[in-house]
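Here's the structure we're looking at; comments come further down.
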Amino acid sequence: MVTIYITRHGETVWNREKRMQGWQNSPLTEQGEKDAASLGDRLRSTEFAAVYSSPSGRAQQTTELIRGERKIPVYLEEKLKEIHLGEWEGRTQEEIKTDFPESFDMFWNAPHRYLPHGGETFEAFRSRIDAFLDSLAYHSNQNVLIVAHAVVIKCMMLILNGKPLASLWDPPFIHGTSVTVVRLEDGQCEVLLEGDTSHINRNEGKGKAMQIVRMKEKHDREMERIIKQSLESFGLDIPGTAYYDPELPHLSHFYERTPFAEYWVALDDSGEVLGGVGIAPFAEEEGVCELQKLYVKPEAQGRGTAKALMETALDYAARHYEYCYLETVEKLEAANRLYRKFGFSLLEEALAGSGHGAMDSWYKKKL
């Protein structure tokens, strides 16, 4: 048996600028350094036989911040380099979407059909990640730490869970310094934790572990309760709000049958639903989606839950749409601050086709 702890490097300058890095590099931001140090504190009592790090500068920098003064051997592993993106490296996602619209769409929505421009195919990439995972059998009854990249981690989990390449981008989103823990024994994989960022939340006094997953039918009743109780608390249990949406009792079914739509829920370490958010096409305008039903239960507020849900939703939206629209009410001050923080601009009136007449504030963002 070997237990592997897998993390992504901390936030970099190019991450913040939404540039594709691949085999190129940019340094960690101040936040990225802080998060890596927090992860080091979290893992301080875990004994590791070795650290395997991508040779990219951002991964090595993260590795050193996690390791600190501990005398753990570090091995730079070429197979852990991020997927090679060829001509895309160093360019923003917006530039790539404009200049390579078809292959950009394939990269995010049909990775098994993606053809690179001077870089790696996902098939070749998966082969080298698979070869690295095979080498870990050497560490019998030991803990191993892997410091790598987002696509590397998504590919590892794809292989370990036996899923097809088309499922590469399934949730959860892999945030910088998030932790995934997997136990391998006799060819079997047990996922103990995936995409967890509780060390970042804990560093900010925000509490329990949390992960974002695609909504399932078992989450419907609790999410309906959260939404209704939230609206009731603000006196918004009135016609023209989500309170009376016919799909509310069966949200998972609604998003499953709607093309290019998803709903995610945030779960704590016991599986309790903390909140949720959805993305769906906005019927009246091509290329526009709507951010829908972002609600977080009171005890989960102020812990980064809404922020994590927003990041997951907007990451998905950017791969399918050009703009994101949302509707709210002015008196929900915390929600309005969050939308502005994420770059949404206030509109003078609702877009044509609005389905919630009680709303008095409307926002739009270019993705």
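Tabulated results
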| quantity | calculated |
| --- | --- |
| Computed E for residue 190/residue 334 - FRET, C-beta separation, R0 22 angstrom, nearest 0.05 | 0.05 |
| Leading residue at positive end of dipole, the chain (Cβ point charges), from 149, 306, 358 | 149 |
| Radius 11 Å from Cβ of residue 21, net charge of other residues (Lys, Arg +1; Asp, Glu -1) | +2 |
| Reciprocal mean inverse distance between Cα atoms of the stretch 251-367 - Kirkwood radius, Å | 14.6 |
| For the stretch 22-32, Karplus couplings with θ = phi - 60° (6.51, -1.76, 1.60), whole Hz, Gly/Pro x | x, 7, 7, 9, 9, x, 5, 6, 4, 5, x |
| Stretchable slack from residue 299 to residue 286, in nm (0.36 nm times residue separation minus alpha-carbon distance) | 0.9 nm |
| Dimensionless Rg ratio for the stretch 98-158, taking C-alpha atoms and the 2.2 N^0.38 Å reference | 1.40 |
| Accessible area per residue in Å² at 1.4 Å probe, computed on the stretch 78-143 | 50 |
| Total formal charge among the other residues, if their Cβ is under 11 angstrom from that of residue 193, Lys/Arg +1 and Asp/Glu -1 | -3 |
| Cut-off 16 Å (backbone N to label point 7 Å along Cα→Cβ of residue 169), residues of the stretch 247-269 | 259-264 |
| Two-decimal Rg/Rh across the stretch 1-108, once Rg and the Kirkwood Rh are taken from alpha-carbon atoms | 1.04 |
| Anchor residue 163: lysines whose Cα lies under 24 Å away (excluding residues fewer than 8 positions away in-chain) | 79, 81, 154, 216, 218 |
| Cα gyration tensor category, rounded, prolate or oblate, for the stretch 58-181 with a/c compared to 1.5 | prolate |
| Highest average packing first - 338-344, 232-238, 311-317, Cβ atoms within 10 Å | 311-317, 338-344, 232-238 |
| For residue 52, residues with placed amide H under 5 Å, excluding near neighbours | 75, 145, 146, 147 |
| From the C-alpha gyration tensor of the stretch 1-51, square roots of 5λ in Å | 25, 14, 7 |
| For the stretch 149-248, the fraction of alpha-carbon pairs in successive 5 Å shells from zero, as % | 2, 10, 15, 15, 14, 14, 12, 9, 5, 2, 1, 0 |
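The values are calculated or read from the model by the stated rules, or taken from the named source; none is laboratory data. Predicted model, so just to flag it, every value in this text is computed and none were measured. Glycine also receives a Cβ, built like all others from the backbone with ideal geometry; neighbour counts cover every protein chain displayed. All accessible areas refer to the heavy atoms of the entire protein, side chains included, with ligands and DNA or RNA removed. Shrake-Rupley method; radii C 1.70, N 1.55, O 1.52, S 1.80 Å.
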